[in-house]
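**Student:** Below is the structure I would like to discuss, written out as structure tokens.
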Amino acid sequence: MLDYLGMFTDVRHLIEFQRKIIDLCADALMVVDRQGRIVYTNSSFKDAHNIEESDALNKHVTDIIDNTRMHIVAQSGIAEHDQFQTISGRPCVVSRIPVIDNDESVGAVGLIRFREVEEVQALTGKVKALQEKLSKLRAVRLASSDTKYTFDDIIGLAPAVAEAKRIAMQAACSDATVLLRGESGAGKEVFAQSIHAHSQRRSGPFIRLNCSAIQESLIESELFGYEEGAFTGARKGGRKGKFELAHGGTIFLDEIGDMPLSAQVKLLRVLQEKEVDRLGGEESLTVDVRVIAATNRDLETMIQGGEFREDLFYRLNVIPVYIAPLREVPEELPRLAKSIWRKLSKKHGIFHKRLSAEAFHALQQHKWKGNVRELGNVLERFMVMVRHDCIDETDVRKVLLQNKACEVSREASVSEGNYGLSELVEQTEKRALTYALAASDGNRSKAARLLGISRPLLYKKISKYKIGTDQDAAKELHISLW
């Protein structure tokens with residue numbers, strides 16, 4: 001008996017709890033049966049219609065609310081969402097929803113969505129404001145569509161890399177000019193984009209200009225723009241320069257050391273006065289731009305030689321960030337290679353290939369002239385061209401050997417331009433044989449595999465070019481494999 005009473009009490013508490021939830025979630029809720037009789041109301045129904053629940057139950061809904069359609073919805077089974085209805089002299093927004101059981105309407109639920117039309121207008125205003133904000137964000141995203149890197153992409157843990165990242169992150173919080181210094185392929189643009197993405201200007205545009213890729217006669221018009229008719233062939237209506245396009249955001253001036261002196265003077269004025277002058281224009285335009293510059297050149301030596309302005313250097317070198325080349329941080333190569341490998345796997349849809357521990361070791365021994373860019377190119381070649389699933393040390397040395405042979409071939413074609421085709425082929429073959437023997441420590445079978453030729457053909461080539469041991473050949477050419 002006690003268990004029965006306890007269960008009854010629990011059920012009563014549960015019903016009361018559910019009723020409280022309904023009161024909180026629905027305004028002026030009522031339920032009618034298929035004949036239109038009111039079978040349930042919540043507490044807020046009384047406030048909306050000025051009637052007690054006991055006086056409404058079992059009454060036809062039209063006896064309580066003269067302009068209702070609840071009984072019609074209960075009969076038709078067709079919902080009426082967000083309809084206007086006057087309740088107690090006030091315009092409201094209501095919904096009437098049929099209750100369906102076994103594909104048949106057995107009643108309807110009604111509730112007030114908004115008690116005042118002003119609430120709808122306020123909500124509409126909020127929606128409109130959000131739509132405008134979304135449009136602006138989309139416009140910003142289009143303007144910054146070229147940015148894809150953040151500090152999360154800089155994964156190095158070596159002291160030199162960690163220090164560069166720390167300085168860049170600290171600099172990003174300000175508007176100070178940053179000068180990124182490092183060799184080609186070291187990742188200067190990754191740092192530049194990361195600084196922009198971490199700054200208060202991240203919602204503004206990120207505009208880049210490679211100063212070495214623009215003709216000297218065009219760089220001023222690229223940077224500062226021009227007015228219509230400024231020169232022959234000028235676009236009708238003129239054109240905005242990179243600084244105008246970067247207004248409110250960041251401009252990244254890559255290879256700043258290749259900027260001609262004439263443009264350096266104007267750039268200095270922009271940095272000092274925050275104004276640009278279009279070519280052919282009569283008025284100065286104010287710009288709000290954060291400048292990040294990058295170079296792989298020795299600007300101090302260029303200043304001494306009169307190739308770079310000293311005053312501009314000090315304007316740019318407010319926060320210098322040195323990005324170490326890959327050969328200075330070989331401990332970073334496995335981590336970096338794995339990250340690049342994952343991205344390449346997604347790019348090419350190749351997920352079954354992997355690099356062996358010996359392959360990583362061989363990659364670490366290489367002196368990377370092209371840094372991260374060269375590493376990425378080599379890894380992509382592994383993924384696409386190597387047929388077996390596990391890339392090993394032999395594959396690494398073979399690809400690096402091919403790269404070296406190509407470099408030597410290019411050097412030969414430049415320095416020995418009087419050679420004919422057959423002579424150039426012979427020179428290339430001789431150097432390739434030399435590198436293969438050096439890479440295999442004199443093991444001719446291994447050298448043949450590296451070159452992708454048979455042992456008899458290797459012996460024939462060695463005899464033809466009178467190549468001795470791998471050490472002798474390396475000394476003869478004054479070069480080594482690594």
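**Student:** If you check Glu119 against the conditions, is it modelled with pLDDT under 80, under 20 Å from Asp47 (Cα atoms) and not hydrophobic (A, V, I, L, M, F, W, C)? Steps first, please.
**Tutor:** Values: modelled with pLDDT under 80: yes; under 20 Å from Asp47 (Cα atoms): yes; not hydrophobic (A, V, I, L, M, F, W, C): yes.
Yes, satisfied.
**Student:** Arg387 passes all but one of (1) in a helix (DSSP H, G or I); (2) under 29 Å from Ala357 (Cα atoms); (3) at pLDDT 80 or above; (4) open to solvent by 80 Å² or more (accessible area, probe 1.4 Å); which number fails?
**Tutor:** Here Arg387 meets the rest and fails (1).
**Student:** What are the residue pairs meeting all of these: first residue in region 355-383, first residue closer than 14 Å to Pro330 by Cα and among the β-branched types (Val, Ile, Thr), second residue open to solvent by less than 30 Å² (accessible area, probe 1.4 Å) and part of a loop (DSSP other than H, G, I, E, B), Cβ atoms under 8 Å, and 6 or more apart or on different chains?
**Tutor:** Pairs found: Val372/Gly185; Val372/Ala186; Val372/Gly187.
**Student:** If I go through region 254-275 residue by residue, how many of them are of a type outside the set (D, E, K, R) and within 30 Å of the chain's Cα centre (by Cα)? So that I can check it myself, show each step before the final result.
**Tutor:** Step one: list which residues in region 254-275 are of a type outside the set (D, E, K, R), which gives 256-257, 259-265, 267-268, 270-272.
Going one step further and asking which of them are within 30 Å of the chain's Cα centre (by Cα), we end up with 256-257, 259, 267, 270-271.
Residues in region 254-275 being of a type outside the set (D, E, K, R) and within 30 Å of the chain's Cα centre (by Cα): 6 in total.
**Student:** Restricting to region 451-482, and then to whatever is small (Gly, Ala, Ser) and at pLDDT 80 or above, can you tell me which residue is farthest from Arg397 (Cα to Cα)? Before you say what the answer is, go through the steps one by one.
**Tutor:** Looking only at region 451-482, we keep the residues that are small (Gly, Ala, Ser), and these are 452, 454, 463, 468, 473-474, 480.
If we keep only those that are at pLDDT 80 or above as well, we get 454, 463.
Details: Ser454: 18, Ser463: 24 Å.
It comes out as Ser463.
**Student:** Moving on. Could you say whether any residue in region 276-284 is over 23 Å from Ala168 (Cα atoms), at pLDDT below 95 and hydrophobic (A, V, I, L, M, F, W, C)? Walk me through how you get there before you give the answer.
**Tutor:** If we filter region 276-284 for residues that are over 23 Å from Ala168 (Cα atoms), which is where we start, we get 276-284.
Now restrict to residues that are at pLDDT below 95: 276-284.
With the extra rule that they be hydrophobic (A, V, I, L, M, F, W, C), the set shrinks to 276, 279.
The answer is yes, given that some residue of region 276-284 is over 23 Å from Ala168 (Cα atoms), at pLDDT below 95 and hydrophobic (A, V, I, L, M, F, W, C).
Every residue, every condition in (1) modelled with pLDDT of 90 or more; (2) outside any loop (DSSP other than H, G, I, E, B), yes or no:
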{"site": "Ser145", "(1), (2)": "no, no"}
{"site": "Ile167", "(1), (2)": "yes, yes"}
{"site": "Gln170", "(1), (2)": "yes, yes"}
{"site": "Leu179", "(1), (2)": "yes, yes"}
{"site": "Ile195", "(1), (2)": "yes, yes"}
{"site": "Leu223", "(1), (2)": "no, yes"}
{"site": "Arg235", "(1), (2)": "no, no"}
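**Student:** Test Gly305 against the criterion of being more than 30 Å from Leu134 (Cα to Cα), touching a strand residue (DSSP E or B) at 6+ places or on another chain (Cβ under 7 Å) and surrounded by fewer than 21 Cβ atoms within 10 Å (Cβ to Cβ), and give yes or no.
**Tutor:** Values: more than 30 Å from Leu134 (Cα to Cα): yes; touching a strand residue (DSSP E or B) at 6+ places or on another chain (Cβ under 7 Å): no; surrounded by fewer than 21 Cβ atoms within 10 Å (Cβ to Cβ): yes.
Here the answer is no, as Gly305 does not meet what is asked.
**Student:** Which of the residues spanning region 41-62 are in contact with a strand residue (DSSP E or B) (Cβ under 9 Å, 6 or more places away or on another chain) and farther than 20 Å from Leu24 by Cα?
**Tutor:** Selection gives Ala56, Leu57, Asn58, Lys59, His60, Val61.
**Student:** How do the helices (runs of 4 or more DSSP H) wholly within region 292-368 filter down when requiring 1 or more residues that are within 30 Å of His388 (Cβ to Cβ): which remain?
**Tutor:** Output list reads 333-348, 357-365.
**Student:** Here's another thing I want to ask about it. Hey, among the residues in region 308-322 that are aliphatic (A, V, I, L, M) and open to solvent by 10 Å² or more (accessible area, probe 1.4 Å), which one's nearest to Glu227 (Cα to Cα)?
**Tutor:** So the first thing to find is which residues in region 308-322 are aliphatic (A, V, I, L, M), and the list is 312, 316, 318-319, 321.
Those left that are additionally open to solvent by 10 Å² or more (accessible area, probe 1.4 Å): 318-319.
On the way: Val318: 33, Ile319: 34 Å.
Residue satisfying both the conditions and the ranking: Val318.
**Student:** Turning to a different aspect of this structure: State whether one or more residues within region 179-199 are more than 30 Å from Leu375 (Cβ to Cβ) and out of contact with any helix residue (DSSP H, G or I) (no Cβ under 8 Å at 6 or more places or on another chain). So that I can check it myself, show each step before the final result.
**Tutor:** The first filter runs over region 179-199 and keeps only residues more than 30 Å from Leu375 (Cβ to Cβ), leaving none.
No, region 179-199 contains no residue that is more than 30 Å from Leu375 (Cβ to Cβ) and out of contact with any helix residue (DSSP H, G or I) (no Cβ under 8 Å at 6 or more places or on another chain).
**Student:** So, Leu137, is that one over 28 Å from Ile251 (Cα atoms) and modelled with pLDDT under 90 or not?
**Tutor:** Against the criterion (over 28 Å from Ile251 (Cα atoms) and modelled with pLDDT under 90), Leu137 does not qualify.
**Student:** Okay, next question. Of all residues being assigned to a strand (DSSP E or B) and either among the aromatic types (Phe, Trp, Tyr) or at pLDDT 90 or above (or both) in region 31-41, which is most open to solvent (accessible area, probe 1.4 Å)? Just the residue, please. Explain how you work it out, then say what you get.
**Tutor:** Quick first cut of region 31-41, residues assigned to a strand (DSSP E or B) only: 31-33, 37-41.
Those left that are additionally either among the aromatic types (Phe, Trp, Tyr) or at pLDDT 90 or above (or both): 31-33, 37-40.
Details: Val31: 34, Val32: 2, Asp33: 31, Arg37: 102, Ile38: 0, Val39: 76, Tyr40: 48 Å².
Selected residue: Arg37.
**Student:** Another question about this same structure. Open to solvent by 50 Å² or more (accessible area, probe 1.4 Å), more than 30 Å from Leu268 (Cβ to Cβ), under 23 Å from the mean Cα position of the chain (by Cα) and modelled with pLDDT of 85 or more: which single residue out of Arg327, Arg354, Arg335 fits that description?
**Tutor:** On the way: Arg327 fails: under 23 Å from the mean Cα position of the chain (by Cα); Arg354 fails: under 23 Å from the mean Cα position of the chain (by Cα).
After applying the criteria, what remains is Arg335.
**Student:** Can you run down the residue pairs with Cβ atoms below 6 Å, 6 or more apart or on separate chains, where the first is in region 155-182 and without any contact (Cβ under 8 Å) to a residue 60 or more places away in the chain and the partner is open to solvent by 50 Å² or more (accessible area, probe 1.4 Å)?
**Tutor:** Ala172/His198
**Student:** Tell me which of these Leu279 doesn't satisfy, since it passes every other one: (1) open to solvent by less than 40 Å² (accessible area, probe 1.4 Å); (2) more than 22 Å from Leu180 (Cα to Cα); (3) touching a helix residue (DSSP H, G or I) at 6+ places or on another chain (Cβ under 6 Å); (4) not basic (Lys, Arg).
**Tutor:** That leaves (1) as the condition not met.
**Student:** Would you mind stating whether Ile51 is surrounded by fewer than 11 Cβ atoms within 10 Å (Cβ to Cβ), at pLDDT below 85 and β-branched (Val, Ile, Thr)?
**Tutor:** On the way: surrounded by fewer than 11 Cβ atoms within 10 Å (Cβ to Cβ): no; at pLDDT below 85: yes; β-branched (Val, Ile, Thr): yes.
Spelling it out, it is not the case that Ile51 is surrounded by fewer than 11 Cβ atoms within 10 Å (Cβ to Cβ), at pLDDT below 85 and β-branched (Val, Ile, Thr).
The values are calculated or read from the model by the stated rules, or taken from the named source; none is laboratory data. Since we're looking at a predicted model, the values are computed, not measured. Backbone-built Cβ (ideal geometry, glycine too); neighbour counts: all protein chains shown. Side chains are part of the model used for accessible areas, which takes the heavy atoms of the whole protein and leaves out ligands, DNA and RNA. Shrake-Rupley method; radii C 1.70, N 1.55, O 1.52, S 1.80 Å.
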